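A quick write-up on the structure given underneath.
What follows draws every value from the coordinates through simple rules; no lab data is involved. Everything numeric here is computed off the predicted structure, so don't read it as measured data. Backbone-built Cβ (ideal geometry, glycine too); neighbour counts: all protein chains shown.
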Amino acid sequence: MATRALLAVISSSPNRCFISTRRIKNQASSAFSTSPSLHFQIQSRKTHRIAPSFSSDTNSSALQPPDVSRLAETARISLTPAEIEECGPKIRQVIDWFGQLQKVDVNSVEPAIRAEMEGGNLREDAPETFENRDGIRDSIPSFEGTYLKVPKVLNKE
Amino acid sequence: MSTTLFRTIQPNQFTLLGTALFRRRRRSNFSVRCCGTQTTTTHEAKQPSQSRIAPKNHGSNKLDEILRDYEAVIGIETHVQLSTFTKAFCSCPNNYGSHPNTSICPVCMGLPGALPVLNSKVVEFGVRLGLALNCDLSLKSKFDRKQYFYPDLPKGYQISQFDIPIASGGYVDVDIPLEFGGGHRRFGITRVHMEEDAGKLLHSDTGDYSQVDLNRAGVPLLEIVSEPDMRSGIEAAEYASEMQRIVRYLGVSNGNMQEGSLRCDVNISIRPIGQAEFGTKVEIKNLNAFSAISRAIDFEISRQALLYNQGQADQIVSETRLWEEGAQKSVTMRKKEGLADYRYFPEPDLPEVILTQDYVDSIRSSLPELPEAKRRRYEAMGLGMQDVLFLANDVSVAEFFDAVIGKGAEVKLAANWIMSDIAAYLKNEDLSINDVKLTPQELAELIAAIKDGTISGKIGKQILFELLAKGGTVQGMIKAKDLVQITDPAEIEKMVLKVVSENPKQLEQYRNGRTKLEGYFAGQVMKMSKGKANPGLLNKILLEKLNAKD
């Protein structure tokens, strides 16, 4: 569970110190005109190749301090200046911890795309209606008639 | 039945720009329409209902010239909504058109503590489509979270596949219809990945609010990303309709564009011919018909080419444009500033997706004959490309046709009946071939009965329409209605003599040179025989009698 929480924090950090580091580089360097398709291919190939060598070329000193204001913005959270001040060092600690992890030599280890979990837990395609749907709808503050009512939105991001 | 051949690309209402473009692209070879020489039936069904000839327009030559210097580069992202019984990660029913916000549960609503469990059908459909598109499959793939905030996305992220999709590196073959220049093309498939759909937003025209229906949130999708291999609106539309055929052949989706079960986003840039780098890419959304794909792309090509030509290439910016079907033009929806930052990371709530080779092999061996294989098979049977494309377009029609020829019917005759009278009937009655009472067995019987002369082609048509509407058998109908063709020369001669003797005036006119009146006599004899006289014999005997000197 702790790992999951960390993952969430780290992934929203502008540094992308976890697996995302490479992706951002690729994104930045690929010309905008390149099709997303080509783009994906390059990335997926690189991910496979790069995975085992994580430890060798990164260390904690190379990581940038977190931009807490931007982080808060991407997470749609409002923070006071005092809170920003307070959060910075805490997030920094987490990032530094990943810096330590990245020092571990994993050259001889087969890259894992996911943590070890019990496989084969797929679900049958058999429908089941969730009983307490009213409970869900009642908890939506802006439910009107049969729809959720939200401010008018036309464009994404 | 949204067949390629019924699909009409309508040049009307198009802007000046587009009109010119269409003229250029439509180097039609109309002669191909007159296929089939020994047909007993007509081919109206195949004729496009709209004129393909664009109106004359004087500004067009210049645009044609400009367009000659540029090449378009087009890639397509296709979202296919899967026809599973349940959503991708929870057991909520996946029903289009349910009462709003009734197919929801803690998982698809993103409530705290709810955990997703992958639907096995989604994996199966992903593998089926991946194999059908000649892709390499990842025996191990994973899910990732794509994060953005939007009211149709309850969890605040979409579960998708980012760097390791289930299938990648494939291709698809299409045949361009003859009226668009014909030819065979192969387009690369970059990847196919599994993901979930978002809810549906309805925007009120008056109020300052939007409404959300979350029944669709969590419905499984396969996203197919093409290589940027297409060069024209027609190629893109053909690619998209091949995707529709493939998902329908495979049974993974109903492929219905109006309901949003098949959605295409087009990426397009143009570049001077000879230039290796791509130009600035523009994305077009809201394309819910194949004709819209074709026209939106051709509109965009000419828009960009004109900007280039006027030295305003800097005005081609990276943006998403929305196709307006009514106005036949695209408008800016939003400009893109840098790449969207979705902060992908591996979905911690789902294990990796592991496929065994045995599983993949078993699905491979259960794949149906795919559209491309069918087209090649029909071609090898000697059918023309027009017939091939029509028959292979709709999987139900193709199966019906296969069943008819399986009963021994002659290939070309079977194709003609299906493509003309049956297709016209289906269109008029708004039915699918599965809805009619006519069985492949009886169509084969009907064709045989005409061929061996038991009934005439004309009677055959009458029987056909009865069979389509009411069912029954050809033999039963021939017996019950006494429809057997009259092939006895003596009997026909009797009727001819009777008609000739009853029309002395016309006979005289005929013998004075109005030989056209032969048709009148033939008609009278046919009427007397209730359509049963053998037309060949009738004409032969009639001419003898008319020209006899007595």
**Request:** Can you tell me the relative contact order of chain B? Whole percent, Cα pairs under 8 Å, sequence separation 6 or more.
**Result:** 16
**Request:** Ignore the peptide's own chain and count Cβ atoms of other chains within 10 Å of each Cβ in B:100-111; give me the average, rounded.
**Result:** 4
**Message:** Give me the one-decimal nm value for the distance between modelled label points at B:SER318 and B:ASP208, 7 Å along each residue's Cα-to-Cβ direction.
**Reply:** 3.4
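As a check on your grasp of the helix formula, calculate [θ] at 222 nm for chain B: sum -39500 (n - 2.57) over DSSP H runs of n ≥ 4, divide by the residue count, round to the nearest 500. Don't skip to the end; give the middle numbers.
Details: 18 runs with 205 residues, N = 550.
About -11500 deg cm²/dmol.
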**Asked** Helix B:120-132 sits at what angle to the longest principal axis of chain B, using alpha carbons and giving 0 to 90 degrees rounded to 10?
**Response** 60
**Request:** Name the long-range amide H neighbours of B:TYR70: under 5 Å, sequence gap of 5 or more, or other chain; modelled H, no Pro or chain starts.
**Result:** B:ILE273
**Request:** Quick one: angle between helix B:395-406 and the longest Cα principal axis of chain B, in degrees between 0 and 90, rounded to 10, please.
**Result:** 40
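Grab the other residues whose beta carbon is less than 12 angstrom from that of B:GLN509, score K and R as +1, D and E as -1, and report the net. Kindly include the intermediate steps, with their values, before the conclusion.
Details: positive: B:LYS505, B:ARG511, B:ARG514, B:LYS516; negative: B:GLU508, B:GLU518.
Residues near B:GLN509 contribute +2 overall.
Sort B:263-273, A:86-96 for me by packing, meaning the mean count of neighbouring Cβ atoms within 10 Å per residue, highest on top. Walk me through the intermediate numbers first.
Working: B:263-273: 21.1, A:86-96: 14.6.
Going from most to least packed, we get B:263-273, A:86-96.
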**Under Karplus coefficients 6.51, -1.76 and 1.60, residue-wise ³J(HN,Hα) of segment B:284-295 in Hz, glycine/proline x** = 10, 10, 6, 9, 10, 7, 5, 5, 5, 4, 4, 6
**Request:** Could you run the Karplus curve 6.51 cos²θ - 1.76 cosθ + 1.60 with θ = phi - 60° over segment B:309-319 and give me ³J(HN,Hα) per residue in whole Hz, x for Gly and Pro?
**Result:** 5, 8, x, 10, 4, 5, 7, 7, 10, 5, 7
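Hey, which of these cross-link pairs are over 30 Å Cα-Cα: B:LYS281/B:LYS427; B:LYS374/B:LYS451; B:LYS142/B:LYS374; B:LYS479/B:LYS516; B:LYS407/B:LYS516? Please list the in-between numbers first.
Numbers: B:LYS281/B:LYS427 39 Å; B:LYS374/B:LYS451 26 Å; B:LYS142/B:LYS374 34 Å; B:LYS479/B:LYS516 36 Å; B:LYS407/B:LYS516 42 Å.
Violating the 30 Å Cα-Cα cut-off are B:LYS281/B:LYS427; B:LYS142/B:LYS374; B:LYS479/B:LYS516; B:LYS407/B:LYS516.
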**Prompt:** When Cβ neighbours within 10 Å are restricted to other protein chains, what is their mean count per residue of peptide B:201-212?
**Reply:** 4
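Expected output is a single nm value to one decimal: the length gained when fully extending between B:ILE354 and B:LYS437, i.e. 0.36 nm times separation in residues minus the C-alpha distance. What is it? Please list the in-between numbers first.
Details: separation 83, 0.36 × 83 = 29.88 nm, distance 4.54 nm.
So the extension gain works out to 25.3 nm.
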**Message:** If I model a spin label at A:SER142 and B:LYS427 as a point 7 Å from the Cα along the Cα→Cβ vector, what separation in nanometres do I get?
**Reply:** 4.7
**Prompt:** Considering only DSSP beta bridges whose two residues both sit in chain B, what percent are antiparallel, to the nearest 5?
**Reply:** 90
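Which of the three applies to segment B:489-547, rounded, prolate or oblate, going by the alpha-carbon gyration tensor with a ≥ b ≥ c and a/c under 1.5 meaning rounded?
On the way: a/c = 1.79, a/b = 1.70, b/c = 1.05.
Prolate shape, in that a/c is at least 1.5 and a/b is the bigger ratio.
How much length, in nm to one decimal, is gained on full extension between B:GLU518 and B:THR473, taken as 0.36 nm per residue of separation minus their Cα-Cα distance?
Going from the current span to full extension adds 12.6 nm.
What's the exposure ranking of B:VAL174, B:VAL331, A:VAL106, going from fewest to most Cβ atoms within 10 Å? Please report the intermediate quantities before stating the final value.
Values: B:VAL174 25, B:VAL331 9, A:VAL106 16.
Lowest count first: B:VAL331, A:VAL106, B:VAL174.
Starting from the Cα-Cα distance between B:ASP173 and B:ASP69, subtract it from 0.36 nm times their residue separation and give me the gain in nm to one decimal. Walk me through the numbers before you get to the answer.
Working: separation 104, 0.36 × 104 = 37.44 nm, distance 2.73 nm.
Separation in residues times 0.36 nm, less the Cα-Cα distance, equals 34.7 nm.
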**Prompt:** Which whole-Hz ³J(HN,Hα) couplings does segment B:515-530 yield from phi under the Karplus relation 6.51 cos²θ - 1.76 cosθ + 1.60, θ = phi - 60°, glycine and proline marked x?
**Reply:** 5, 4, 5, 4, x, 4, 4, 4, x, 4, 5, 4, 4, 4, 7, 6
**Fill in**
Non-local residues with an amide H under 5 Å from the amide H of B:ILE189, with H modelled 1.01 Å from N and Pro and chain starts lacking one, are B:GLY170, B:TYR171, B:VAL172, B:GLU227
**Asked** For the pair A:ALA72 and B:LEU306, how long in nm is the line joining their label points, each one 7 Å along Cα→Cβ?
**Response** 4.8
**Request:** For a quick protection proxy, order the peptides B:426-435, B:536-545, B:222-231 by their average other-Cβ count within 10 Å, most packed first.
**Result:** B:222-231, B:536-545, B:426-435
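Too long at a 21 Å Cα-Cα cut-off: which of B:LYS458/B:LYS530; B:LYS200/B:LYS335; B:LYS505/B:LYS532; B:LYS121/B:LYS200; B:LYS505/B:LYS530; B:LYS498/B:LYS532? Present the calculation step by step, with values, prior to reporting the outcome.
On the way: B:LYS458/B:LYS530 10 Å; B:LYS200/B:LYS335 23 Å; B:LYS505/B:LYS532 26 Å; B:LYS121/B:LYS200 23 Å; B:LYS505/B:LYS530 24 Å; B:LYS498/B:LYS532 16 Å.
Table pairs above 21 Å Cα-Cα are B:LYS200/B:LYS335; B:LYS505/B:LYS532; B:LYS121/B:LYS200; B:LYS505/B:LYS530.
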**Prompt:** Which whole number gives the average, over all residues in B:219-226, of C-beta atoms from other chains lying within 10 Å of the residue C-beta?
**Reply:** 1
**Message:** For B:ILE297, B:ILE104, which order do you get if you count the other beta carbons within 10 Å of each Cβ and list the fewest first?
**Reply:** B:ILE104, B:ILE297
